[in-house]
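Contents: one structure, followed by commentary.
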There are 2 protein chains.
Amino acid sequence: MIVDAGEDPRPPRQTAASDAHLEETRRLGERVYEGALLDVRRDTVTLPDGGTAIREYIVHPGAVLIVPVLPDGTLVVERQHRYPLNRVFVEFPAGKLDPGESPLVTAQRELREEVGYAASAWTRLGVIHPVVSYSTEAIELYVAEGLTHIGRALDDGEFLDVVAMSADALLAALDRGEITDAKTVAALLMYMRRMRP
Amino acid sequence: MIVDAGEDPRPPRQTAASDAHLEETRRLGERVYEGALLDVRRDTVTLPDGGTAIREYIVHPGAVLIVPVLPDGTLVVERQHRYPLNRVFVEFPAGKLDPGESPLVTAQRELREEVGYAASAWTRLGVIHPVVSYSTEAIELYVAEGLTHIGRALDDGEFLDVVAMSADALLAALDRGEITDAKTVAALLMYMRRMRP
């Protein structure tokens with residue numbers, strides 16, 4: 001019984017008929033917090049057995065990550081303080097889509113703004129979903145090659161160091177537990193698998 | 001100038017002196033939403049250049065992921081509908097820490113509850129942070145071997161299929177873009193690197 005479901009902020013349904021026994025169906029939804037960054041929803045759903053449950057989640061515009069490859073094969077990473085975890089992380093450049101922006105254009109913009117490069121060759125590596133349980137976020141992964149340094153232009157309030165590291169040095173840092181950002185771990189290992197098998 | 005910062009819900013500070021030029025410092029914090037699942041915070045921070053910014057994030061109790069290895073080398077995964085993304089995902093078993101629970105005990109509990117196995121050997125694979133920009137969540141990764149089937153006991157409102165797949169079949173699914181859950185991508189590739197080099 002749908003009373004008033006409002007607009008569904010989730011991606012379009014992608015459930016095969018054979019998965020009907022797993023699917024949760026939206027009945028009602030409300031926005032419980034809208035901040036500068038976070039858009040928080042609370043939906044009432046019908047479970048596969050007909051029961052009712054509450055699902056809370058973040059509505060996210062989508063993001064991109066770039067693996068920038070310098071002519072000598074080293075990769076460009078950032079060192080950035082991440083406030084929620086109270087520490088500095090080694091990460092590939094990444095950023096959110098602006099309204100109406102395509103992922104590739106976002107990737108080109110972020111590569112320029114955050115680390116100061118333009119690239120002549122772009123390869124899509126895939127997509128990952130960082131938090132399937134409480135966010136709609138999807139991150140498109142790209143490899144950028146043929147880099148030209150043009151100088152960066154950080155957003156206001158953005159502070160980060162740019163570092164070039166060999167793939168081996170990044171893998172050694174991963175093995176030592178020094179790279180833990182999930183998107184960076186996934187992208188580094190997908191890059192090694194796909195582009196340097 | 002700290003007016004009233006309240007209790008800091010973030011992990012303890014881990015910033016080297018050499019990273020002071022990157023660090024954001026907490027000044028004030030408030031809880032803006034507390035739901036059944038999500039605890040949403042809004043903090044006022046001082047930027048490295050003395051400016052002020054707002055940081056919004058989820059406070060999370062931490063989670064675990066298990067790579068369960070059957071005696072024939074196949075891996076146990078789940079197929080689960082994830083409401084925020086409106087589709088079914090292939091994922092390794094995972095779950096949140098209960099209050100006061102250690103990650104290994106959570107992993108043993110989730111392996112039993114979600115997929116129905118006990119394990120005789122546990123190896124820690126590492127830790128990942130799924131969303132450094134807006135959650136305190138950390139996921140401890142384990143490999144579970146020496147499995148004995150004891151039957152599962154799902155939580156109320158939890159619906160998922162359990163499937164055994166070879167590592168090669170999982171890697172092929174990853175290459176086809178059919179595995180996109182970031183924790184599962186990272187764990188699968190870290191497992192291949194560490195345990196099946």
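The values are calculated or read from the model by the stated rules, or taken from the named source; none is laboratory data. Since this is a predicted model, take the numbers as computed values, not measurements. We place every Cβ from the backbone using ideal geometry, glycine too, and count neighbours over all the protein chains shown. In case anyone asks, the SASA skips ligands and DNA or RNA and just uses the protein heavy atoms, side chains included. Shrake-Rupley method; radii C 1.70, N 1.55, O 1.52, S 1.80 Å.
If I ask for residues that are surrounded by 15 or more Cβ atoms within 10 Å (Cβ to Cβ) and either under 30 Å from residue A:149 (Cα atoms) or out of contact with any Asp or Glu (no Cβ under 6 Å at 6 or more places or on another chain) (or both), which ones from region A:32-42 would you list?
Selection gives A:32, A:33, A:39, A:40, A:41.
Looking at (1) open to solvent by 30 Å² or more (accessible area, probe 1.4 Å); (2) over 25 Å from residue A:129 (Cα atoms); (3) at the interface with another protein chain (Cβ under 9 Å from one of its Cβ atoms), which one does residue B:71 not meet, given that it meets all the others?
With respect to (1) open to solvent by 30 Å² or more (accessible area, probe 1.4 Å); (2) over 25 Å from residue A:129 (Cα atoms); (3) at the interface with another protein chain (Cβ under 9 Å from one of its Cβ atoms), residue B:71 is out only on (3).
Taking residue B:184, is it within 30 Å of residue A:93 (Cα to Cα), open to solvent by less than 10 Å² (accessible area, probe 1.4 Å), at pLDDT 95 or above and among the hydroxyl-bearing types (Ser, Thr, Tyr)? Before you say what the answer is, go through the steps one by one.
Details: within 30 Å of residue A:93 (Cα to Cα): yes; open to solvent by less than 10 Å² (accessible area, probe 1.4 Å): yes; at pLDDT 95 or above: yes; among the hydroxyl-bearing types (Ser, Thr, Tyr): yes.
Here the answer is yes, as residue B:184 does meet what is asked.
Per-residue answers, yes or no, for (1) free of Cβ contacts under 8 Å to residues at least 24 places away in the same chain; (2) over 16 Å from the mean Cα position of the chain (by Cα):
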position: A:33; (1), (2): yes, yes
position: A:41; (1), (2): no, yes
position: A:63; (1), (2): no, no
position: A:70; (1), (2): no, yes
position: A:76; (1), (2): no, yes
position: A:85; (1), (2): yes, yes
position: A:89; (1), (2): no, no
position: A:99; (1), (2): no, no
position: A:119; (1), (2): no, yes
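Please go through (1) surrounded by fewer than 19 Cβ atoms within 10 Å (Cβ to Cβ); (2) among the hydroxyl-bearing types (Ser, Thr, Tyr); (3) closer than 30 Å to residue B:27 by Cβ for residue A:135 and return the number of the only condition it doesn't satisfy.
Checking residue A:135 against (1) surrounded by fewer than 19 Cβ atoms within 10 Å (Cβ to Cβ); (2) among the hydroxyl-bearing types (Ser, Thr, Tyr); (3) closer than 30 Å to residue B:27 by Cβ, the one that fails is (1).
Table: residues versus (1) exposed (fewer than 13 other Cβ atoms within 10 Å of the Cβ); (2) touching a Phe, Trp or Tyr at 6+ places or on another chain (Cβ under 7 Å); (3) at pLDDT 95 or above.
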| residue | (1), (2), (3) |
| --- | --- |
| B:5 | no, no, no |
| B:12 | yes, no, no |
| B:18 | yes, no, no |
| B:30 | yes, no, no |
| B:44 | no, no, yes |
| B:55 | no, yes, yes |
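Hey, residue A:83 hits all of (1) more than 14 Å from chain B (Cβ to nearest Cβ); (2) open to solvent by less than 10 Å² (accessible area, probe 1.4 Å) but one; which does it fall short on?
The failed condition is (1).
Conditions (1) in contact with an Asp or Glu (Cβ under 8 Å, 6 or more places away or on another chain); (2) part of a loop (DSSP other than H, G, I, E, B); (3) at negative phi; (4) more than 7 Å from every other protein chain (Cβ to nearest Cβ), marked per residue:
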{"position": "A:123", "(1), (2), (3), (4)": "yes, no, yes, yes"}
{"position": "A:132", "(1), (2), (3), (4)": "yes, yes, yes, no"}
{"position": "A:144", "(1), (2), (3), (4)": "no, no, yes, yes"}
{"position": "A:148", "(1), (2), (3), (4)": "no, no, yes, yes"}
{"position": "A:156", "(1), (2), (3), (4)": "no, yes, yes, yes"}
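Please give the number of the condition residue B:172 fails out of (1) among the small types (Gly, Ala, Ser); (2) outside any strand (DSSP E or B); (3) at negative phi; (4) away from every other protein chain (no Cβ under 14 Å).
With respect to (1) among the small types (Gly, Ala, Ser); (2) outside any strand (DSSP E or B); (3) at negative phi; (4) away from every other protein chain (no Cβ under 14 Å), residue B:172 is out only on (4).
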